[in-house]
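The values are calculated or read from the model by the stated rules, or taken from the named source; none is laboratory data. Not measured: the values here are computed from a predicted model.
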Amino acid sequence: MNMVPNIGTIAPPNCPPSDFVGHQAECRSTFKPWLEGLLAKAETAGWNRRTVASTLMFLSAQSASRPSPTRNREG
């Protein structure tokens with residue numbers, strides 16, 4: 001079994017959400033290396049890369065549809 005270690009520190013965004021293009025580009029560049037590492041670990045464990053990517057998209061959309069526990073605590 002491959003263990004997924006702590007993903008480490010995630011840098012806060014520098015571009016405000018009002019700068020949609022910059023904010024999205026920054027988000028993609030922040031999470032791409034982590035995602036690539038996760039997909040590589042899944043492949044090493046025997047999972048199909050496309051299946052894992054599809055599952056992550058589904059789980060992300062499902063999670064984004066629920067209220068954020070962090071946001072609820074902040075205000």
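Tabulated data
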| quantity | calculated |
| --- | --- |
| Hits in the stretch 18-33 (condition: closer than 22 Å to residue 53 by Cα and of a type in the set (D, E, K, R)) | 26, 28, 32 |
| Condition met for residue 51 (at pLDDT 95 or above and β-branched (Val, Ile, Thr)) | yes |
